[in-house]
Amino acid sequence: MRAESSCVLFPDVFLVHGMDPGTWKRLQQVLGALFLAIGLWAWGEKGVLSNISALTDLGGLDPVWLFVVVGGIMSVLGFAGCIGALRENTFLLKFFSVFLGLIFFLELATGILAFVFKDWIRDQLNLFINNNVKAYRDDIDLQNLIDFAQEYWSCCGARGPNDWNLNIYFNCTDVNPSRERCGVPFSCCVRDPVEDVLNTQCGYDVRLKLELEQQGFIHTKGCVGQFEKWLQDNLIVVAGVFVGIALLQIFGICLAQNLVSDIKAVKANWIKHDDGYRLLK
């Protein structure tokens, strides 16, 4: 058995007939490190690496976490799968399959719980978005993520524009000295298709208007509702993506276990002597 050729099958995407094995090895080894490097670079640019406490100071989600976590997982799986196959190390191969299986069952459990406890998930999503609304100006990556979501789904806030009262810069209290008082971010605004230059002040004072008047200037629907509508409209595509990922994970587990069985079968045909292993006749 030549285990060297098996490394190209791991970790998450598998060898396509005709692909250069050397190219695929380099690709799978670089991907995880690249994601991790991007995350660490972004943290370095924001000064997080020199002030670790900044990770917990942010009230909302730091999108860089996604790169760090995904990159870390891919790196661990890539190392275990490739080195395990190259060195015929059954411990690393078993670790690979168990780790991948754990991820699969966590995804499965999350999907089932999300379907069974829809109302609870909706409440948690509202809470999550509102926590990030509060921290909108605290982190540039979070700010860009919220702006992207509000523009993509044509929404504003979790339930509506008034959720921006939670942010110290946009709330309508009399003690708020900000020019953005009673406003919303520009990403809430209804864009004019013929407008070449983005008006970042389009949301100023807009919540001082009546609700019917607001509809001509900003999106008044909440992002939670718009996200649910988007899921329903794209249910087949979303389901197809998750099923495809699940099949790749199951395939990876099966290949790892099959390789472990092959290694044990080969080792069973060898006996140990003082001067090394010899093949049984």
Legend entry - Those residues of segment 169-188 which are over 17 Å from ARG137 (Cβ atoms) and open to solvent by less than 100 Å² (accessible area, probe 1.4 Å), in sequence order: none
Inset, instruction - Collect the residues in segment 145-164 that are out of contact with any Ser or Thr (no Cβ under 7 Å at 6 or more places or on another chain), open to solvent by 60 Å² or more (accessible area, probe 1.4 Å), touching a residue at least 12 places away in the same chain (Cβ under 8 Å) and not in a loop (DSSP other than H, G, I, E, B), keeping them in residue-number order. - result: LEU145, PHE148, ASN162
Inset, instruction - Hey, could you check segment 131-144 for residues that are touching a residue at least 40 places away in the same chain (Cβ under 8 Å) and in a loop (DSSP other than H, G, I, E, B) and say which is most open to solvent (accessible area, probe 1.4 Å)? - result: ASP138
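Do we have any residue at all in segment 189-205 that's open to solvent by 20 Å² or more (accessible area, probe 1.4 Å), small (Gly, Ala, Ser), farther than 26 Å from GLN124 by Cβ and free of Cβ contacts under 8 Å to residues at least 40 places away in the same chain?
Looking only at segment 189-205, we keep the residues that are open to solvent by 20 Å² or more (accessible area, probe 1.4 Å), and these are 190-202, 204-205.
Add one more test, that the residue is small (Gly, Ala, Ser), and what stays is none.
No, segment 189-205 has no match at all.
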Inset, instruction - Report, ordered by the first and then the second residue, all pairs with beta carbons closer than 8 Å, sequence separation of six or more or different chains, a first member in segment 232-246 that is over 19 Å from TRP153 (Cβ atoms), and a second member that is part of a helix (DSSP H, G or I). - result: PHE242/GLU107; PHE242/GLY111; ILE245/GLU107; ALA246/PHE104; ALA246/GLU107; ALA246/LEU108
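The values are calculated or read from the model by the stated rules, or taken from the named source; none is laboratory data. Keep in mind that what you see is a predicted model, and the values were worked out from it rather than measured. Every residue, glycine as well, gets a Cβ built from its backbone with ideal geometry; the counts of neighbours run over all protein chains shown. Accessible surface is based on the protein model in full, side chains and every heavy atom, while ligands, DNA and RNA are left aside. Shrake-Rupley method; radii C 1.70, N 1.55, O 1.52, S 1.80 Å.
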